[in-house]
Structures are given as structure tokens and as C-alpha cells.
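Asks: Here's a structure for you.
The values are calculated or read from the model by the stated rules, or taken from the named source; none is laboratory data. Owing to the predicted nature of the structure, the values given are computational and were not obtained by experimental measurement. Please note: Cβ atoms are built from the backbone with ideal geometry, for glycine as well, and neighbour counts cover all protein chains shown. Surface areas here come from the heavy atoms of the whole protein model, side chains and all, with no ligands, DNA or RNA. Shrake-Rupley method; radii C 1.70, N 1.55, O 1.52, S 1.80 Å.
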Amino acid sequence: MHPNNRYHSPHDFPALAKVVPALADYFLKAPDGHLTLNFAEPDAVRLLNKALLLRDYGLKHWDIPAGNLCPGVPGRLDYIHVLADLLDGKKGKEIKGLDVGTGASLIYPILGHKEFGWRFVGTDVDDTSLKVASAIAKFNPGLAKAISLRKQPDRTAIFNNVIHEGETFDFTICNPPFFESAAAAAAAAEKKWTKLGKAPSPTLNFGGQANELWAPGGEPDFLRRMIRESVAFGQQVGWFTTLVSKKGYLKIAEVEFGKAGITDYRVIGIGQGGKIRRVLAWRGK
Ligand code: SAH
């Protein structure tokens, strides 16, 4: 984890259940006797993140539909701290970021604004996600002023349509859609459940999640398109960044950088334990 991440110590679950009482329904005793959460239940994960956002960031309201991608707050916060490093720790509303694919959770704009006071434009292709994200912003004083949302009408576009003429951003941030089709996303979700030894929960809406997690050509093509499109916006954006889920995809990025003549780029490792991921960051010419 990033040294400045506030979630280095294990969560105090009883304290969090005081904020969101339903969390107690998912308490588990680990074999060594310590209290943990039943992380296999998507609802437990959702409620935990809700409790963290309410308690630690003073949110009044935060919720996402069952079946939507539920972000883990500590992991998402690591990426925000990587950005803060790239920006030399600059804080305040003069700093503006573009969150590509902000999701229903609005997680990066919330964390970036609450930790550093940055302003955001969040984009998404999915109407339901935008509706939920906009409700979260509206019901939390302060967020609505700092965050605006834009619909990306073309699933294959990244910056086109959503960065306006003459507009500038200090950075872009993105947790890209991984799968190449809605069916592949649904199959992966079902496989995860089978691995847990359960039938897919009837209450879980794979449709919502599957719709969120795909892009034509999956993450590799999304990455290629993002780098190609970034060329035209090189003067308008300080740092382009995106998460890269697999190490092998960095080769794809290098090829695209070569074609685009981009030489100023870096890879920053984030995460902990077995779940190491990378933030890829580059600057236009
Ligand atoms: N930022 C959130 C959601 C990431 S999931 C989080 O970290 O949890 C990826 C998101 O990208 C989904 O919400 C999906 O609808 C959106 N998306 C897919 N293609 C997109 C595109 N071309 N432009 C903007 N958003 C896109």
C-alpha cells in the first residue's frame, strides 16, 4: 500500500457496524478466533465500503445497486495517492481531473475530492451508473459543486466527445473495463460464484455488472484506443493515467507509445499481497 494510505491497519469491524448496523449480519469468526467479514458476500463488501465512506469521509449518502461493481475503498485510494505524487502533492480546487468510466460508485472523484480537494469531471457510457453517481453527488453537500458528470455516447471513444475544446485537465484517471463482451463479463462473474461453491445468487443482478465491465476488444483495445486518442489532447492534459491489470499489457502500451512518439511515460506499482496492479502514466508531447 502507498505509505500515505490511511487504511494500513486492519478494519475495526465492530466500530464500522456502529455506522452501518447491517454490517454485523456478515460478521464471521476466523479460524484463529478474530472477527472478520464474510467477504464472499457482495453485500458485505458494499456495506463495508459504505461504512468507510460515511465514517472517514463524512458522506451522508452513498449506495450502489446490488450487482454493480463495488469498489474497495482502500485499493482505490492507493491510485489517488499515486496521482497526488505525480502532481507533487498539489491540493485544492485548481486541480482538475477527468475520471474515465466513473461508475455508479463515483469512487475516484469522491476520494480525490475528499482527500485533496480536487475537482472532477466523471464520464461513463452507462445511463444507470450516471444516474446513481449523480444522486450520490446531489445528496452530499460539497460533492455536487466539485464533481460534474458527462455521458460518453460512444463506447469506443475515451476522450473524444467528453473533453471540450480549450478545456484543460491536470490528469486523467481510469479503471478500465476488462472484458471484451457483456457475455464474457457475466461468465466470469458466474465462475467466481461457482468457485466459491455457491450457485449464483438470485438477488445478484449480473446484467448490471456485466454491462459495466466490458468494452470492445477488452482492456487491451481500450488501452490502445486511450493512448491513440491521448495524442490529440496532449496540450490539454497534464498526466494521462490508467490502471493496467496484467503486466503483459504494458508491452501493448509500449508499442502504442512508440507509434505515437510518446517518450515520457512511467509505470507505478500499487496494491498489496498477491494483488499487485500498475498505474501507467504518460504525458503528451
Ligand atoms: N471507476 C469505477 C468503475 C470502473 S468499471 C471503479 O473504479 O470502480 C469501468 C467503467 O467504465 C464502467 O462504469 C463502464 O460503464 C465504463 N465505461 C466503459 N466504456 C467506457 C468509455 N468508452 N468511456 C467512459 N466510460 C466507459
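Residue by residue, here is whether (1) open to solvent by 70 Å² or more (accessible area, probe 1.4 Å); (2) among the basic types (Lys, Arg) holds:
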residue: Met226; (1), (2): no, no
residue: Glu229; (1), (2): no, no
residue: Ala232; (1), (2): yes, no
residue: Gln235; (1), (2): yes, no
residue: Phe240; (1), (2): no, no
residue: Lys246; (1), (2): yes, yes
residue: Ala253; (1), (2): no, no
residue: Gly271; (1), (2): no, no
residue: Trp282; (1), (2): no, no
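Asks: Working only within the stretch 4-26, note down all residues that are of a type in the set (S, T, N, Q) and out of contact with any His (no Cβ under 8 Å at 6 or more places or on another chain).
Replies: Quick first cut of the stretch 4-26, residues of a type in the set (S, T, N, Q) only: 4-5, 9.
Residue satisfying the conditions is Ser9 alone.
Asks: Related question: Inspect the stretch 107-122 for any residue being farther than 22 Å from Phe233 by Cα and of a type in the set (Phe, Trp, Tyr) and give the result as yes or no.
Replies: yes
Asks: Being within 9 Å of the ligand (Cβ to nearest atom) and in contact with a Pro (Cβ under 8 Å, 6 or more places away or on another chain) is the filter here, so list the residues in the stretch 56-76 that pass it.
Replies: Listed by number, the list holds a single entry, Cys70.
Asks: Only residues that are in contact with a Pro (Cβ under 9 Å, 6 or more places away or on another chain) and among the basic types (Lys, Arg): list them for the stretch 138-183, please.
Replies: Across the stretch 138-183, the qualifying residue is only Arg155.
Asks: Name every residue in the stretch 230-247 that is closer than 21 Å to Trp214 by Cβ and touching a Ser or Thr at 6+ places or on another chain (Cβ under 6 Å), in order of residue number.
Replies: At the first step, the residues of the stretch 230-247 found to be closer than 21 Å to Trp214 by Cβ are 242-246.
Listed by number, the list is empty, since nothing qualifies.
Asks: Going by the conditions given, is Ile262 at pLDDT 95 or above, in a loop (DSSP other than H, G, I, E, B) and open to solvent by less than 90 Å² (accessible area, probe 1.4 Å)? Give the derivation first.
Replies: Values: at pLDDT 95 or above: yes; in a loop (DSSP other than H, G, I, E, B): yes; open to solvent by less than 90 Å² (accessible area, probe 1.4 Å): yes.
Considered against the rule, which asks whether it is at pLDDT 95 or above, in a loop (DSSP other than H, G, I, E, B) and open to solvent by less than 90 Å² (accessible area, probe 1.4 Å), Ile262 comes out as yes.
So that you can scan it fast, the table gives a plain yes or no per residue for (1) open to solvent by less than 10 Å² (accessible area, probe 1.4 Å); (2) among the hydroxyl-bearing types (Ser, Thr, Tyr); (3) over 19 Å from the mean Cα position of the chain (by Cα); (4) at pLDDT 95 or above:
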{"residue": "His34", "(1), (2), (3), (4)": "no, no, yes, no"}
{"residue": "Ala40", "(1), (2), (3), (4)": "no, no, yes, no"}
{"residue": "Ala66", "(1), (2), (3), (4)": "no, no, no, no"}
{"residue": "Lys91", "(1), (2), (3), (4)": "no, no, yes, yes"}
{"residue": "Glu94", "(1), (2), (3), (4)": "no, no, yes, yes"}
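Asks: Something else: Restricting the stretch 96-123 to residues that are of a type in the set (Gly, Ala, Ser) and surrounded by 20 or more Cβ atoms within 10 Å (Cβ to Cβ), which is farthest from the chain's Cα centre (by Cα)?
Replies: In the first step, residues of the stretch 96-123 are kept if they are of a type in the set (Gly, Ala, Ser); the result is 97, 101, 103-105, 112, 117, 122.
Filter once more, so that each one left must be surrounded by 20 or more Cβ atoms within 10 Å (Cβ to Cβ): 97, 101, 103-105, 112, 122.
Values: Gly97: 13, Gly101: 8, Gly103: 7, Ala104: 10, Ser105: 8, Gly112: 11, Gly122: 11 Å.
Ranking the qualifying residues of the stretch 96-123, first place goes to Gly97.
Asks: Do you know which of the residues in the stretch 128-162 that are in contact with a strand residue (DSSP E or B) (Cβ under 7 Å, 6 or more places away or on another chain) and open to solvent by less than 20 Å² (accessible area, probe 1.4 Å) is farthest from Thr242 (Cα to Cα)?
Replies: Ala137
Asks: Quickly run through the stretch 147-187 and pick out the residues that are within 17 Å of Ala232 (Cβ to Cβ) and among the charged types (D, E, K, R).
Replies: Asp154, Glu165, Glu167
Asks: Okay, moving on. Answer yes or no: is there a residue in the stretch 68-86 that is aliphatic (A, V, I, L, M), open to solvent by less than 50 Å² (accessible area, probe 1.4 Å) and more than 30 Å from Leu47 (Cβ to Cβ).
Replies: Residues of the stretch 68-86 aliphatic (A, V, I, L, M): 69, 73, 77, 80, 82-84, 86.
Next cut, open to solvent by less than 50 Å² (accessible area, probe 1.4 Å) only: 73, 77, 80, 82-84, 86.
Still in the list and also more than 30 Å from Leu47 (Cβ to Cβ): 86.
Yes, some residue in the stretch 68-86 is aliphatic (A, V, I, L, M), open to solvent by less than 50 Å² (accessible area, probe 1.4 Å) and more than 30 Å from Leu47 (Cβ to Cβ).
Asks: Which residue pairs have Cβ atoms closer than 6 Å, lie 6 or more positions apart in sequence or on different chains, and pair a first residue in the stretch 122-142 that is under 16 Å from Asp99 (Cα atoms) and polar (S, T, N, Q) with a second residue that is more than 10 Å from the ligand (Cβ to nearest atom) and open to solvent by 20 Å² or more (accessible area, probe 1.4 Å)?
Replies: Correct list of pairs: Ser134/Leu149.
Asks: Filter the stretch 18-32 down to residues that are surrounded by 14 or more Cβ atoms within 10 Å (Cβ to Cβ) and in contact with an Asp or Glu (Cβ under 9 Å, 6 or more places away or on another chain), then give me how many there are. Please lay out each step first, then the result.
Replies: Quick first cut of the stretch 18-32, residues surrounded by 14 or more Cβ atoms within 10 Å (Cβ to Cβ) only: 19-20, 23-24, 26-28.
Next, only the ones that are in contact with an Asp or Glu (Cβ under 9 Å, 6 or more places away or on another chain) stay: 26.
Number satisfying all stated conditions: 1.
Asks: Just to be sure I understand, how many residues within the stretch 147-166 are among the acidic types (Asp, Glu) and within 20 Å of Leu223 (Cα to Cα)?
Replies: First, pick out the residues of the stretch 147-166 that are among the acidic types (Asp, Glu): 154, 165.
Retained after the next criterion (residues that are within 20 Å of Leu223 (Cα to Cα)): 154.
The qualifying residues number 1.
Asks: Which one of these is among the aromatic types (Phe, Trp, Tyr) and in contact with a strand residue (DSSP E or B) (Cβ under 8 Å, 6 or more places away or on another chain): Phe39, Phe120? Give the steps one after another, and end with the answer.
Replies: Details: Phe39 fails: in contact with a strand residue (DSSP E or B) (Cβ under 8 Å, 6 or more places away or on another chain).
When all the criteria are applied, what remains is Phe120.
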